[in-house]
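Each value in this text was obtained by applying a stated rule to the coordinates, not by laboratory testing. What you are looking at is a predicted structure, and each value in this text was computed from that prediction instead of being measured. Cβ sites come from the backbone with ideal geometry, for glycine too, and all protein chains shown count toward neighbours.
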Amino acid sequence: MTHLIIYAHPSENSFSKMLMDELKQSTNGTNKVIVRDLYSMNFSPVLGPEELANLKLGIVASDVKEEQDYVQEADVISIVYPLWWASFPAILKGYIDRVFSYGFGYKAGEKGIEGLLKEKKVLLHTSMGNSIDDYQKNNLLQNFTFTQGEEVFGFCGMQIIKHFFYPQIINAEDEEKNHFINDTLNFYKDLFQSAVN
């Protein structure tokens with residue numbers, strides 16, 4: 001299987017970086033692993049007017065085509081990012097805008113919008129500042145999964161396998177961070193094992 005990790009955090013010392021590194025190592029035994037580190041790539045998140053006009057003509061920018069090829073190759077896609085203002089970091093939102101574009105991620109058909117990336121599995125990894133209880137007071141976790149998962153990747157026909165939330169990560173001790181990571185790695189181990197069987 002091919003495991004694509006799309007990583008969006010600017011800090012080399014972040015929990016998200018720790019998690020991404022562990023995911024990369026833990027799934028590298030029997031699977032091909034591709035990491036797209038958006039900040040280190042200096043990925044341009046802006047879908048400008050010329051690019052939008054070209055998309056309508058079926059012309060795809062070279063940097064976007066490269067990312068689309070990685071997505072097309074992937075069986076499992078992990079999205080690793082911090083929650084900023086109840087959403088994605090801008091660079092990740094721009095990646096979604098440009099890469100999962102009309103004609104690649106979805107199209108309009110006789111029955112309405114059709115997702116074009118079926119058979120692909122997505123796992124979301126969101127680090128957060130507040131506690132689970134703080135977010136649950138307003139059912140925000142379910143809303144995050146809906147808006148950041150189903151309305152984006154599900155819209156493109158992809159299956160959302162799980163949305164991991166890592167609360168109060170700024171103040172978390174190493175022991176708690178390691179606990180989060182170990183639980184996540186165990187989930188992946190079972191996921192890849194079931195795919196083989």
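General remarks:
- Considering only beta bridges that DSSP places wholly inside the chain, some 15 percent are antiparallel.
- Computed FRET value (nearest 0.05) for Trp85 with Asp63, which takes r as the C-beta separation and R₀ as 30 Å: 0.70
- Think of the chain as having a plus end and a minus end, set by charges on the Cβ of Lys, Arg, Asp and Glu; of Ile5, Phe15, Gln72, Gln72 sits farthest toward the positive end of this dipole.
- Positive-pole candidate from Tyr188, Asn42, Gly149, dipole of region 2-196, charges at beta carbon: Gly149
- Cβ charges +1 (Lys, Arg) and -1 (Asp, Glu), total dipole of the chain, debye: 460
- Using just its DSSP H runs of length 4 or more, each adding -39500 (n - 2.57), the chain gives a mean residue ellipticity at 222 nm of -11500 deg cm²/dmol after division by all residues.
- Relative contact order (percent, whole number), region 1-159, Cα cutoff 8 Å, 6+ residue spacing: 26
- Radius ratio Rg over Rh of region 1-99, counting only Cα atoms, Kirkwood formula for Rh: 1.00
- Restricting the calculation to Cα atoms, every distinct pair contributes to the Kirkwood radius of region 2-196, found to be 17.5 Å.
- Segment Asn171-Asn13, length gained on full extension (0.36 nm per residue, minus Cα span): 55.5 nm
- Ordered from longest to shortest, the equivalent ellipsoid semi-axes for region 51-136 are 28, 15, 14 Å, each the square root of 5 times a Cα gyration tensor eigenvalue.
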